[in-house]
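Novice: Here it is: the structure, laid out below.
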Amino acid sequence: MTKTILTTQDVHKIYGEKTEKPYEALKGISFSVEEGEFVGIMGASGSGKTTLLNILATLDQPTSGQVAIDGKDVTKLRPNQMADFRSQKLGFIFQDFNLVETLTARENIALPLSLQNAKPKAIKVAVELAAKKVNIEDIIDKFPNQLSGGQKQRVAAARALVAEPSIIFGDEPTGALDSNNAREMMDALTDINSQGVSILLVTHDPFSASFCKRIMFIKDGKIGDEISAEGKSRQDFYQEILNRLGTFEQ
Ligand SMILES: Nc1ncnc2c1ncn2[C@@H]1O[C@H](COP(=O)(O)OP(=O)(O)O)[C@@H](O)[C@H]1O
Ligand SMILES: [Mg+2]
């Protein structure tokens, strides 16, 4: 039996609600993610991807609607509960890495556990395991400015995974990478997912999206239809995404 890890119910987001020019960026978003899924949300620039992800990640509040993660309505948490929930249940990978430049990769990966006051021994074990999962054991004692973009993003992936979150969110995680590094990053996320970690990625990039197992398309703040990679090679799924975007963008 699979377990539902995330549900959204009729989520709306209006920016500038009390101004003369309110803007409705999300117009009723409803979907679910099951445990262990690797889901992509694709849409053009301005379609509402980051708005949606920030709400799912408890970094922003919806104007109306519900978001439940691991059975908990996250829109009803108080600010301090929200911070705890975020550090215990969620992992994040952003386009621009968000690593702390003055800390080594090892220390960056350890951050979520340090914030939870985990014991040094437990931190060391967990950090090395996470580093192994994304294949960066050899660079773990380097500083971010000694790393390539692809290595930095895998450090960010290890950090996202170290506290064993219920789900990892990525916002255009390959957006700042060249195609080789993007491929390595997506291979690393595929490995992580195959070990049972749920991942939700928003992207406008068909190549990155082709690694997902299911893709929902968002346009003008609404989710249209979705496609599944089941039974398809990654190359065929990539082609399907390209075809789909061709009709969707018009
Ligand atoms: N803080 C904000 N205030 C007003 N409008 C915003 C704000 N953030 C985003 N928007 C608008 O909401 C829409 C969706 O933005 P966003 O979620 O960033 O899209 P995407 O990530 O898909 O490019 C865009 O039209 C954008 O201009
Ligand atoms: Mg965005």
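Every number here is computed from the coordinates shown, using simple stated rules; none is lab data. Since the structure is predicted, the reported quantities are computational estimates derived from the model, not experimental observations. Neighbour counts run over all protein chains shown; Cβ positions are idealised from the backbone, glycine included.
Novice: Asn180 to Arg78: extension gain in nm, 0.36 nm per residue of separation minus the Cα-Cα distance? All intermediate terms of the calculation are to be shown ahead of the outcome.
Specialist: Working: separation 102, 0.36 × 102 = 36.72 nm, distance 4.19 nm.
Extending this stretch completely gives an extra 32.5 nm.
Novice: For the chain, with only Lys/Arg (+1) and Asp/Glu (-1) charged at the beta-carbon, what is the dipole magnitude about the Cα centre, in debye rounded to 20?
Specialist: Charge dipole of the chain: 580 debye, to the nearest 20.
Novice: So what's the angle, to the nearest 10 degrees on a 0 to 90 scale, between helix 120-133 and the longest Cα principal axis of the chain?
Specialist: So the helix axis and the longest Cα principal axis differ by about 60 degrees.
Novice: About the Cα centre, and with charges only on the beta carbon of Lys, Arg (+1) and Asp, Glu (-1), how big is the dipole of the stretch 127-250? Nearest 20 debye, please.
Specialist: On the way: 14 positive and 19 negative charges, 16 e Å.
That gives the stretch 127-250 a dipole magnitude of about 80 debye.
Novice: Then there's this: Quick one: plug the Kirkwood hydrodynamic radius of the chain (C-alpha pairs) into Stokes-Einstein at 10 °C, 1.306 mPa s, and report D in µm²/s.
Specialist: Value of D from the Cα-based Kirkwood radius: 85 µm²/s.
Novice: Using alpha carbons only, how many angstrom separate the centre of the stretch 209-235 from the centre of the stretch 137-170?
Specialist: A separation of 26 Å, based on Cα centres.
Novice: Run the numbers for Ala44 and Leu242: contour at 0.36 nm per residue of separation, minus the present Cα-Cα distance, in nm. Present the calculation step by step, with values, prior to reporting the outcome.
Specialist: Working: separation 198, 0.36 × 198 = 71.28 nm, distance 1.28 nm.
Between Ala44 and Leu242, full extension yields 70.0 nm more.
Novice: Highest first, please rank the peptides 175-181, 27-33, 210-216 by the mean number of other Cβ atoms sitting within 10 Å of their residues.
Specialist: Ranking the peptides 175-181, 27-33, 210-216 by packing returns 210-216, 27-33, 175-181.
Novice: From Cα pairs below 8 angstrom and at least 6 apart in sequence, can you work out the relative contact order of the stretch 105-211, rounded to a whole percent?
Specialist: 29
Novice: Still on this structure, please answer the following. Using Cα pairs under 8 angstrom and six or more residues apart, how large is the relative contact order of the stretch 152-212, in percent?
Specialist: Over the stretch 152-212, the number comes to 42 percent.
Novice: In nm, to one decimal, how far is the modelled label at Ser148 from the one at Thr102, with both set 7 Å along Cα→Cβ?
Specialist: A separation of 3.0 nm, rounded to one decimal place.
Novice: Sort the following peptides by mean Cβ neighbour count (other Cβ atoms within 10 Å, averaged over residues), highest first: 95-106, 12-23, 222-233, 157-168.
Specialist: 157-168, 95-106, 222-233, 12-23
Novice: Assuming R0 = 41 Å, can you tell me the calculated FRET efficiency for the pair Ser114 and Gln66, based on Cβ-Cβ distance, to the nearest 0.05?
Specialist: Taking R0 as 41 Å, the efficiency between Ser114 and Gln66 is 0.80.
Novice: Shifting gears a bit: Return a whole-number percent for the relative contact order of the chain, with Cα pairs under 8 Å and 6 or more residues apart as the contact set.
Specialist: Numbers: 472 pairs, mean separation 65.5, N = 250.
For the chain, the relative contact order is 26 percent.
Novice: Here is a further query. Between Leu129 and Ser228, what is the label-to-label distance in nm when each label sits 7 Å out along the Cα-to-Cβ direction?
Specialist: So the label points at Leu129 and Ser228 sit 3.2 nm apart.
Novice: Right, something else. What are the extents of the Cα atoms of the stretch 118-250 along their three principal axes, in Å, largest first?
Specialist: Result for the stretch 118-250: principal-axis Cα extents of 53, 29, 29 Å.
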